[in-house]
């Protein structure tokens, strides 16, 4: 535990009281929660970050966009704009946020809207594109002013919310009982193989309610890296490359790269970090003529600044531990008004 958490520990009961009272006000109807007026799926977590929400959103877009007119609504964390912004050809990571820009750049024929107040974002969406028939909401667990048709809660296998503590002592944004609002729990970043017994033990720790369904997923890394112009096999990055990350938890990525016997230097920045001129100079100094590898999210912020043909990202996607789980999950999505 770092020094700041120790010093701030006395404030944990105050934060707990604020969170509990706020949730009760919504539960009692004192603060109004509006049901979204079209089929919708929300994705959120109880932690401050690093649970794989964006990978889940990406899976949902990929699966649902062929049969639905999909829109994504996000707060647009880290953007340098305010209010409601609709993504267009002039959008960048700084105008709509890195994750929304990633979705917009990667998936054609979807609508992406960012708004601090989700109600305002939904209103604008309905006005500008009334043909949208499915809305995906990113990071909406604590934004209780709107209520989606379905709520998906993500938690990572390595750092599950049931083993964590409330801020500032731990990383939880709200009390663990908030998980009861979810319809589906997705455990992310699992090892490649988990026994039925291990999954049962984990599930028991989650204390699922009767209405909740549980799924286990892992990260599937691509065999190739890419940028806007080129692709190359991952193993062609030898003998060494520079890894640059600005994500909450780069450990699964570094562990994977080491597991496939790749050698690299790692330069790490905070989650959603917007790179400065000084940062770029540091990166170029460490590059030494090598390939720079980063995540897809970080690529959206680095590429406009670097314009370097040796800057690549490693695509990832969510994969269920069994085909049966995938089938059950996909069926749940279709059943709920979609």
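Identify, by number, the condition in (1) over 24 Å from residue 217 (Cβ atoms); (2) in contact (Cβ under 8 Å) with a residue 40 or more places away in the chain; (3) in a helix (DSSP H, G or I); (4) under 24 Å from the mean Cα position of the chain (by Cα) that residue 298 doesn't meet.
(1)
Which number in (1) surrounded by 17 or more Cβ atoms within 10 Å (Cβ to Cβ); (2) in contact (Cβ under 8 Å) with a residue 40 or more places away in the chain; (3) under 30 Å from residue 67 (Cα atoms) marks the one condition that residue 185 misses?
(2)
Yes/no per residue for (1) within 26 Å of residue 189 (Cα to Cα); (2) loosely packed, with under 13 Cβ neighbours inside 10 Å; (3) within 18 Å of the chain's Cα centre (by Cα):
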{"residue": "16", "(1), (2), (3)": "no, no, no"}
{"residue": "52", "(1), (2), (3)": "yes, no, yes"}
{"residue": "57", "(1), (2), (3)": "yes, no, yes"}
{"residue": "63", "(1), (2), (3)": "yes, no, yes"}
{"residue": "80", "(1), (2), (3)": "no, yes, no"}
{"residue": "84", "(1), (2), (3)": "no, no, no"}
{"residue": "87", "(1), (2), (3)": "no, no, no"}
{"residue": "91", "(1), (2), (3)": "no, no, no"}
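Can you find even one residue in region 194-201 that is assigned by TED's automatic domain parsing to the domain that holds residue 7 and touching a strand residue (DSSP E or B) at 6+ places or on another chain (Cβ under 8 Å)?
Yes, the conditions are met somewhere in region 194-201.
Could you figure out which of (1) in contact with a strand residue (DSSP E or B) (Cβ under 9 Å, 6 or more places away or on another chain); (2) closer than 20 Å to residue 49 by Cβ; (3) at pLDDT below 95 isn't true of residue 169?
Tallying (1) in contact with a strand residue (DSSP E or B) (Cβ under 9 Å, 6 or more places away or on another chain); (2) closer than 20 Å to residue 49 by Cβ; (3) at pLDDT below 95, residue 169 fails exactly one: (1).
Quick one: residue 228 ticks every box in (1) closer than 18 Å to residue 253 by Cβ; (2) at pLDDT below 95; (3) not assigned by TED's automatic domain parsing to the domain that holds residue 29 bar one, so which box is it?
Unmet for residue 228, out of (1) closer than 18 Å to residue 253 by Cβ; (2) at pLDDT below 95; (3) not assigned by TED's automatic domain parsing to the domain that holds residue 29: (1).
When the residues of region 114-134 are filtered to those that are in contact with a strand residue (DSSP E or B) (Cβ under 9 Å, 6 or more places away or on another chain) and within 20 Å of residue 63 (Cβ to Cβ), which remaining residue is surrounded by the fewest Cβ atoms within 10 Å (Cβ to Cβ)?
133
With the condition being farther than 30 Å from residue 332 by Cβ and under 20 Å from the mean Cα position of the chain (by Cα), I'd like the strands (runs of 3 or more DSSP E) fully within region 163-251 carrying at least 2 qualifying residues.
Here the list reads 241-245.
Identify, from the list 276, 240, 195, 205, the residue that is over 21 Å from residue 99 (Cβ atoms) and free of Cβ contacts under 8 Å to residues at least 12 places away in the same chain.
It is 195.
Grab the helices (runs of 4 or more DSSP H) fully contained in region 1-99, keeping just those with 2 or more residues being modelled with pLDDT of 95 or more, over 30 Å from residue 176 (Cβ atoms) and not assigned by TED's automatic domain parsing to the domain that holds residue 153. Reasoning before the result, please.
Details: elements: 3-8, 12-27, 53-64, 93-96.
Filter on region 1-99 gives 93-96.
Restricting attention to region 314-325, report how many residues are farther than 18 Å from residue 189 by Cβ and in contact with a strand residue (DSSP E or B) (Cβ under 9 Å, 6 or more places away or on another chain).
Residues meeting the conditions: 0.
Taking residue 125 as the residue in question, decide whether it is over 20 Å from residue 313 (Cβ atoms), touching a residue at least 12 places away in the same chain (Cβ under 8 Å) and assigned by TED's automatic domain parsing to the domain that holds residue 41.
no
Could you check residue 286 against (1) assigned to a loop (DSSP other than H, G, I, E, B); (2) more than 20 Å from the chain's Cα centre (by Cα) and say which number it fails?
(1)
Restricting attention to region 254-273, which residues are over 21 Å from residue 97 (Cβ atoms) and surrounded by 12 or more Cβ atoms within 10 Å (Cβ to Cβ)?
Those that are over 21 Å from residue 97 (Cβ atoms) and surrounded by 12 or more Cβ atoms within 10 Å (Cβ to Cβ): 254, 256, 257, 262, 264, 265, 266, 267.
The values are calculated or read from the model by the stated rules, or taken from the named source; none is laboratory data. Predicted model, so just to flag it, every value in this text is computed and none were measured. Don't worry about glycine lacking a Cβ; one is built from the backbone with ideal geometry, like all the others, and counts go over all protein chains shown.
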